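Engineer: Below is one structure. I have some questions about it.
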Amino acid sequence: MYAIIDIETTGGKMGEEAITEIAIYRFDGQKVTDRFISLINPEKKIDDFVVRLTGISNKTVRQAPKFYEVAKRIVEITEDCILVAHNASFDYRVLSLEFRRLGFDYQRSTLCTVEMSQRLLPEEPSYSLGKLTRSLGIPLLNRHRANGDAMATVHLFKLLLDRDTQKIALSEFVKQDLSPLPMHLLSMLDGLPNQLGIYYLYDKKGKLLYMSKSKNIRKRVNEHFTGEGKRDIFLQQQVGKVMYELTGTDLIATLKQEEEHKHITVHFKTKKKKKTFPFALVSHKDKRGYLCLSVELRTPKQEALAIFESQEEGLNLLFEMTERYGLCTKLNGFSQARTYCYNHSIGKCAGACMGDEAVEDYNQRVHQALEHYTLTGRTFVIMDKGRSVQERSVIYIEEGRLRGYGFIELNYQLSKKILQKLILSIEHTPEKAHLLEYYLRKHPFAKQIPIKD
């Protein structure tokens with residue numbers, strides 16, 4: 001037996017949808033033997049796009065039964081049936097989600113008419129329900145309404161069964177255990193966002209097992225819950241609660257992850273090669289007072305203006321600074337000329353190499369270059385998108401040192417006083433400074449706002 005189904009939902013983020021209309025036809029392969037069609041009151045706002053698409057509004061479903069009132073009927077009409085739908089993974093996922101909200105583990109085998117059509121009707125230009133039924137001459141009334149789409153799927157499925165001369169439908173297209181996760185893991189997934197941030201997995205006693213960042217928290221946690229690696233299997237067996245924190249940007253997520261890995265104990269840490277930064281950008285003054293920049297091996301006594309994973313990375317940055325700000329290639333170690341450097345001959349150097357340029361003027365350009373390419377001495381915020389449309393994220397750097405991050409409303413006037421109240425502190429380290437500097441080099445148009453008292 002088959003239960004051919006179509007549902008309409010409120011729309012919205014994955015895992016937060018609710019059913020607004022459902023149609024189920026119980027089908028024995030030849031004829032319909034039972035049917036259930038009903039609007040459903042989702043008890044939440046229906047997206048405006050969905051209202052325009054389906055015509056189902058909150059006013060339409062105000063007097064409709066709630067899902068728990070029809071759940072028993074759905075169980076009965078689909079009992080001992082294979083669920084058939086056009087894009088079955090969607091209908092089955094949302095239906096199972098509604099049952100999980102009631103504390104019921106609803107499991108059925110499924111069969112997708114999209115997949116069947118692609119295999120049995122390979123010449124069709126499109127496999128959307130509307131275009132496919134039009135091509136095959138199948139009547140489709142009330143498109144994007146559950147009853148109309150479900151009835152069209154009945155006709156389509158019957159045609160596909162006739163085309164299935166090799167009788168492969170049951171052997172190749174039926175999917176078992178589309179939702180293999182235990183109930184307690186599924187319930188943890190339901191409340192997770194499809195957004196960027198940090199997630200934390202705790203055991204049943206509240207001990208932190210694992211933490212990491214992800215661009216899609218729900219998707220990444222689901223991968224842990226379905227993975228077969230040693231770490232994932234352990235987490236599946238031990239996890240009791242999942243918490244998360246949205247960060248708005250990947251940069252904040254990375255900084256927060258670096259911070260928390262140093263200050264909290266987890267059973268498993270994210271596997272990644274620990275970076276070392278053996279080279280540093282340093283400065284000194286020559287006998288005439290000119291500031292000279294160089295890339296050298298880091299030592300505890302040196303004040304590093306910036307740090308690098310390799311000497312090549314550091315020299316590339318120093319060369320870019322030299323070219324962009326008209327610094328002297330001789331003072332910065334790129335030229336061994338006895339007199340003027342080559343850049344002087346082509347008008348890129350004002351002659352500091354031979355003392356022609358005033359020390360104050362040259363050193364001022366060096367400071368400008370350092371302010372552009374490093375955090376040295378700067379007090380500013382990096383502003384970017386926040387966790388919602390109404391807010392922005394800020395990363396606060398004060399006198400060249402990372403102080404923390406926070407989120408502000410769009411109408412905030414930034415000052416040191418306000419920032420000190422808003423930000424969540426993060427410990428400054430050379431490694432985090434490198435992350436910020438590297439980000440600013442890769443995103444030259446990032447919004448940087450100087451902060452004054």
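The values are calculated or read from the model by the stated rules, or taken from the named source; none is laboratory data. This structure is a prediction, so every number in the text was calculated from the model and none was measured. Using ideal geometry, Cβ is built from the backbone for each residue, glycine included, and neighbour counts are taken over all protein chains shown. Quick note on the areas: whole protein, heavy atoms, side chains included, nothing else; ligands and nucleic acids left out. Shrake-Rupley method; radii C 1.70, N 1.55, O 1.52, S 1.80 Å.
Engineer: Taking only the range 292-321 into account, find how many residues are farther than 21 Å from Ala350 by Cα, without any contact (Cβ under 8 Å) to a residue 40 or more places away in the chain and part of a strand (DSSP E or B).
Structural biologist: Within the range 292-321, residues that are farther than 21 Å from Ala350 by Cα, without any contact (Cβ under 8 Å) to a residue 40 or more places away in the chain and part of a strand (DSSP E or B) number 3.
Engineer: Those residues that are in a helix (DSSP H, G or I) and among the polar types (S, T, N, Q), I need them from the range 124-134; list them, please.
Structural biologist: Answer for the range 124-134, where residues must be in a helix (DSSP H, G or I) and among the polar types (S, T, N, Q): just Thr133.
Engineer: While we're looking at this one, here's another question. Just need a number here: residues in the range 423-440 that are crowded, with 19+ Cβ neighbours inside 10 Å and without any contact (Cβ under 8 Å) to a residue 24 or more places away in the chain.
Structural biologist: Summing the residues that are crowded, with 19+ Cβ neighbours inside 10 Å and without any contact (Cβ under 8 Å) to a residue 24 or more places away in the chain in the range 423-440 gives 0.
This table checks each residue for (1) closer than 28 Å to Phe445 by Cβ; (2) among the hydrophobic types (A, V, I, L, M, F, W, C).
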| residue | (1), (2) |
| --- | --- |
| Leu317 | yes, yes |
| Asn343 | yes, no |
| Gly347 | no, no |
| Tyr362 | no, no |
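Engineer: Checking Glu309 against (1) out of contact with any Lys or Arg (no Cβ under 9 Å at 6 or more places or on another chain); (2) farther than 22 Å from Ala352 by Cα, which test does it fail?
Structural biologist: The single condition Glu309 does not satisfy is (1).
Engineer: Do you know which of the residues in the range 322-345 that are outside any loop (DSSP other than H, G, I, E, B) and either open to solvent by less than 50 Å² (accessible area, probe 1.4 Å) or without any contact (Cβ under 8 Å) to a residue 40 or more places away in the chain (or both) is nearest to Asp356 (Cα to Cα)?
Structural biologist: By that ranking, first place goes to His344.
Engineer: Scan the range 25-36 and report the pairs whose first residue is at positive phi and whose second residue is open to solvent by less than 50 Å² (accessible area, probe 1.4 Å) and of a type in the set (A, V, I, L, M), with Cβ atoms within less than 7 Å and a gap of 6+ or a chain change.
Structural biologist: Gly29/Leu161
Engineer: Just need a number here: residues in the range 423-442 that are among the aliphatic types (A, V, I, L, M) and not in a helix (DSSP H, G or I).
Structural biologist: Residues in the range 423-442 being among the aliphatic types (A, V, I, L, M) and not in a helix (DSSP H, G or I): 3 in total.
Engineer: Kindly evaluate Gly206 against the criterion of being open to solvent by 30 Å² or more (accessible area, probe 1.4 Å), farther than 27 Å from Leu95 by Cβ and either touching a residue at least 12 places away in the same chain (Cβ under 8 Å) or not in a helix (DSSP H, G or I) (or both).
Structural biologist: Yes.
Engineer: Quick one: in the range 239-249, of everything that is closer than 20 Å to Phe407 by Cβ and not in a loop (DSSP other than H, G, I, E, B), which residue is nearest to the chain's Cα centre (by Cα)?
Structural biologist: The selected residue is Leu246.
Engineer: Now, a different point. Just a yes or no: is a residue in the range 179-200 surrounded by fewer than 14 Cβ atoms within 10 Å (Cβ to Cβ) and touching a Pro at 6+ places or on another chain (Cβ under 8 Å)?
Structural biologist: The answer is no; no qualifying residue exists.
Engineer: Please count how many residues of the range 216-238 are more than 14 Å from Leu189 (Cα to Cα), part of a helix (DSSP H, G or I) and open to solvent by 60 Å² or more (accessible area, probe 1.4 Å).
Structural biologist: Selection size over the range 216-238: 4.
Engineer: Same structure, new question: Can you give me the ranges of the helices (runs of 4 or more DSSP H) entirely in the range 38-123 with at least 1 residues that are open to solvent by 10 Å² or more (accessible area, probe 1.4 Å), of a type in the set (Phe, Trp, Tyr) and more than 30 Å from Leu159 (Cβ to Cβ)?
Structural biologist: 48-54, 67-78
Engineer: Out of Ser117, Ser96, Ser89, Ser135, which single residue is in contact with a strand residue (DSSP E or B) (Cβ under 8 Å, 6 or more places away or on another chain), within 29 Å of Gly55 (Cα to Cα) and small (Gly, Ala, Ser)?
Structural biologist: Checking each option against the conditions leaves just Ser89.
Engineer: While we're on this one: Which condition number in (1) modelled with pLDDT of 85 or more; (2) open to solvent by 20 Å² or more (accessible area, probe 1.4 Å); (3) among the basic types (Lys, Arg) is the one that Lys416 fails?
Structural biologist: Just one mismatch for Lys416, condition (1).
Engineer: Here's something else I'd like to know. Quick one: is Glu371 assigned to a loop (DSSP other than H, G, I, E, B), open to solvent by 40 Å² or more (accessible area, probe 1.4 Å) and more than 19 Å from Asp250 (Cβ to Cβ)?
Structural biologist: Taking the combined requirement at face value, the residue does not satisfy it.
Engineer: Test of understanding: among Ile449, Ile395, Ile408, Ile382, which residue is surrounded by fewer than 14 Cβ atoms within 10 Å (Cβ to Cβ) and part of a strand (DSSP E or B)?
Structural biologist: Ile449 is the lone residue from the list that is surrounded by fewer than 14 Cβ atoms within 10 Å (Cβ to Cβ) and part of a strand (DSSP E or B).
Engineer: Could you run through the range 360-377 and say how many residues are closer than 18 Å to Lys432 by Cα and in contact (Cβ under 8 Å) with a residue 24 or more places away in the chain?
Structural biologist: Residues meeting the conditions: 6.
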